[in-house]
Amino acid sequence: MRDSYDRSIDYLRVSVTDLCNLRCTYCMPEHGVEKADHSRIISVDKIEEIVKICADLGTRKVRLTGGEPLVRRGIIEICHRISAIPGIEELCITTNGILLKKYAHDLKLAGVDRLNVSLDTLDEEKYKKLTRCACSEHPIKQIFEGIEAAKKEGFGTIKINTVLLGGVNDDEIRSLVELTRDEDFQVRFIELMPIGEAKSWDKATFIPNSTVLEKVPELVPCGESGVAHLYNIPGYKGMVGLISPLSNHFCSTCNRLRLTADGKLKACLHSNKETSVIDLEGDALREAIINEIKNKPRNYDLSVSNPSSSDRNMNQIGG
Ligand code: SAM
Ligand code: SF4
């Protein structure tokens, strides 16, 4: 379906839970999420019903995110049901990778096509601080074991999402790019967005993606993939993607609709407008989805001085 600015809205991102086994400082409050809210988390049946309607309206790609999707009870069932819906051509998951080793096999069987694994640093101690992780002694090792398991299951190019954080991981840009030397990874640098926890962060933390090209001048442009501008170093197996929501707005080609973990449709990540669909069914649900697409805002002029209008943290919306 096309919105009123003639953009084809064919990509649905579903936050299946707002819970997470990490508490990344830019994403979640230190104290985590109140359990009491969970009677209002969207059910597996409702997710399926919404995806079916969206598929009928032209959605071709679904991404499951969170919170951490792999901590959602029934995640494999959710994947099975979505991948079976006629019209859905691509099912992807964005995960922090901590539980990937355990789930790689079942995700593949459940019809997941692609994986994005979030990893902001290659330094175990920095990782623990950044994610407030109490999960294991060597979380990064655990994540790479998950990636290995996923490769063995036949997942193709695995995308590694790295949020660029000035003064935190900009000294690791080259090491992260080096991951693409021998592996078919796409390392994607994402500019930190002033939303949720990060709204109040020091301006110096928000650095543009041009920093990547300054630090690694051998990177050569080699196309585009969705919102990412692609580069590679000649002779390297993998690629680097730059996703620049601040320095290079992509609203004019935005094809996304979002469903939050508490059952709200969001046509724009940064707008505060949401429509609750958790209690709707049948024609009323379909009508609400159509209206949300029709009323998708033209753009949002995100910048450090004009932060997101959304009152939500990213773990609720899903990024
Ligand atoms: N837990 C999963 C993970 O971390 O991959 C999925 C949910 S997480 C909210 C999805 C993505 O959003 C992650 O890659 C994360 O780094 C990114 N993210 C969270 N807050 C962000 C922010 N303020 N700006 C840019 N990216 C952000
Ligand atoms: Fe959890 Fe992902 Fe947010 Fe980190 S970015 S706290 S892993 S939801």
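Per-residue ellipticity at 222 nm for the chain, helices alone: DSSP H runs ≥ 4 residues times -39500 (n - 2.57), over residue total, nearest 500 deg cm²/dmol?
Values: 9 runs with 83 residues, N = 319.
Taking each H run of at least 4 residues, the total per residue is -7500 deg cm²/dmol.
Using θ = phi - 60° and the Karplus form 6.51 cos²θ - 1.76 cosθ + 1.60, what ³J(HN,Hα) does each residue of region 186-192 get, whole Hz, x for Gly and Pro?
Ordered by residue, 3J(HN,Hα) equals 10, 7, 10, 8, 10, 5, 4 Hz.
Quick query: amide H of E68 versus all other amide H atoms, modeled in the peptide plane; which residues come in under 5 Å with a sequence gap of 5 or more or a different chain?
Under 5 Å from the amide H of E68 lie the amide H atoms of L19, C20, N21, each far enough along the sequence or on another chain.
Any aspartates and glutamates with Cα under 19 Å of the K215 Cα? List them, leaving off those in the same chain fewer than 8 positions away.
D120, D123, D170, D171, E172, E178, E191
Compute the long axis of helix 282-294 from its Cα atoms, compare it with the longest principal axis of the Cα atoms of the chain, and write down the angle in degrees, 0 to 90, nearest 10.
50 degrees
Is there a quick way to get the dipole size of the chain? I mean about its Cα centre, with the Cβ of Lys and Arg at +1 and of Asp and Glu at -1; what is the value in debye to the nearest 20?
Working: 43 positive and 47 negative charges, 52 e Å.
My answer is approximately 260 debye.
Once the Cα atoms of region 11-316 are picked out, what are the Rg and Dmax in Å?
Expressed in Å, the Cα Rg and Dmax of region 11-316 come to 18.6, 54.
Suppose we flag trypsin sites (Lys or Arg not before Pro) only when DSSP calls them loop and at most 16 other Cβ atoms lie within 10 Å. Which is the longest uninterrupted stretch of the chain? Write down the numbers at each step before the final one.
Numbers: sites that count: R60, R73, R132, R181, K237, K273, R298.
After excluding every exposed loop site, the longest remaining stretch is 1-59.
On a 0 to 90 degree scale, rounded to 10, what angle separates helix 100-109 from the longest Cα axis of the chain?
50 degrees
Counting pairs of alpha carbon atoms under 8 Å apart in space and at least six apart in sequence, what relative contact order in percent does region 11-316 give? Could the numbers behind the result be given before it?
On the way: 604 pairs, mean separation 61.4, N = 306.
Result for region 11-316 is 20 percent.
In whole angstrom, how far apart do the alpha carbon centroids of region 1-43 and region 150-166 sit?
Centre-to-centre distance over Cα atoms comes out at 20 Å.
Please give the helix 44-56 orientation as an angle from the longest Cα principal axis of the chain, in degrees from 0 to 90, rounded to the nearest 10.
Approximately 90 degrees, to the nearest 10.
Separation of region 72-137 and region 195-243 by C-alpha centroid, Å?
22 Å
For V44, what charge total do you get from the other residues with a beta carbon under 14 Å from its beta carbon, if Lys and Arg give +1 and Asp and Glu give -1? Numbers along the way, then the final one.
Numbers: positive: K46, K52, R72, R73, R81; negative: D45, E48, E49, E77.
Summing Lys/Arg as +1 and Asp/Glu as -1 gives +1.
Give the cross-link partners of K264 among the lysines, using a straight C-alpha distance below 26 Å as the criterion and excluding same-chain residues fewer than 8 apart.
Excluding near neighbours in sequence, the set is K35, K46, K52, K61, K199, K273, K294, K296.
Relative contact order of region 56-123: what whole-number percent is it, with Cα pairs under 8 angstrom and at least 6 residues apart? Kindly include the intermediate steps, with their values, before the conclusion.
Values: 87 pairs, mean separation 24.9, N = 68.
Normalised by residue count, the contact order of region 56-123 is 37 percent.
Which number do you get for Rg(Cα) / (2.2 N^0.38 Å) in region 227-319? All intermediate terms of the calculation are to be shown ahead of the outcome.
On the way: Rg = 16.4 Å, N = 93, 2.2 N^0.38 = 12.3 Å.
This ratio for region 227-319 stands at 1.33.
Bear in mind these aren't lab numbers, they're just calculated from the coordinates by the rules spelled out. Given the structure is predicted, the values throughout are model-derived calculations rather than measurements. All Cβ positions, even for glycine, are placed from backbone atoms using ideal geometry, and neighbour counts span all protein chains on display.
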